[in-house]
Structure formats: C-alpha cells, structure tokens
Amino acid sequence: MTQNPLLREWTGPYGGTPPWDQVRPDLFKPAYLTAIEWQRAEIGAIAANPEAPTFANTI
C-alpha cells in the first residue's frame with residue numbers, strides 16, 4: 001500500500017476518518033495526485049470493458 005496516511009484505508013466511526021495525528025500539509029498534494037491516478041485507472045478499466053454496459057459493471 002502506501003506510506004501516506006491520507007491514502008490508507010480509514011477506520012473508525014462514520015465510515016472512517018483520517019489519522020489526523022499523522023497528516024502533514026505536504027502530504028495532501030501527493031495524495032490528490034495518486035487518487036486521481038487511481039480514479040483514471042478505474043475509469044479506463046470501465047471504458048475498456050468489452051461487455052455490454054450495465055449498472056453493475058459501470059457504476
């Protein structure tokens with residue numbers, strides 16, 4: 001996984017919260033850029049799926 005606490009799975013109440021005691025301002029930009037890469041890859045996988053689009057394989 002990643003060393004950036006903003007990109008790790010969050011645990012706790014309300015669906016999880018970031019470990020704020022480990023977060024520093026310099027971690028936000030790399031986290032945003034990595035998250036954008038992950039989402040682009042997910043969109044690419046959806047777009048490249050040869051199956052007919054359905055709610056389950058698109059959303």
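Every number in this text was worked out from the coordinates using simple rules, so none of it is lab data. Everything numeric here is computed off the predicted structure, so don't read it as measured data. Note that we place each Cβ from the backbone using ideal geometry, even for glycine, and neighbour counts take in every protein chain shown.
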Do any residues in the range 31-58 that are free of Cβ contacts under 8 Å to residues at least 12 places away in the same chain and on the phi < 0 side of the Ramachandran plot have Cβ atoms under 7 Å from those of residues that are surrounded by 10 or more Cβ atoms within 10 Å (Cβ to Cβ) and not in a loop (DSSP other than H, G, I, E, B), where the two are at least six apart or on different chains, and which pairs are they?
Asn49/Asn57; Glu51/Asn57
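Working carefully through the options Leu7, Leu27, find the one that is surrounded by 12 or more Cβ atoms within 10 Å (Cβ to Cβ) and outside any helix (DSSP H, G or I).
Values: Leu27 fails: outside any helix (DSSP H, G or I).
From the options Leu7, Leu27, the qualifying one is Leu7.
Report yes if Arg24 is over 11 Å from the mean Cα position of the chain (by Cα) and among the charged types (D, E, K, R), otherwise no. Talk me through it step by step, then tell me what you get.
Details: over 11 Å from the mean Cα position of the chain (by Cα): yes; among the charged types (D, E, K, R): yes.
The answer is yes for Arg24.
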Those residues of the range 10-21 which are among the hydrophobic types (A, V, I, L, M, F, W, C) and either within 14 Å of the chain's Cα centre (by Cα) or part of a loop (DSSP other than H, G, I, E, B) (or both), in sequence order
Trp10
Ala56 meets each of (1) in a helix (DSSP H, G or I); (2) of a type outside the set (Val, Ile, Thr); (3) surrounded by 10 or more Cβ atoms within 10 Å (Cβ to Cβ) with one exception, condition (3)
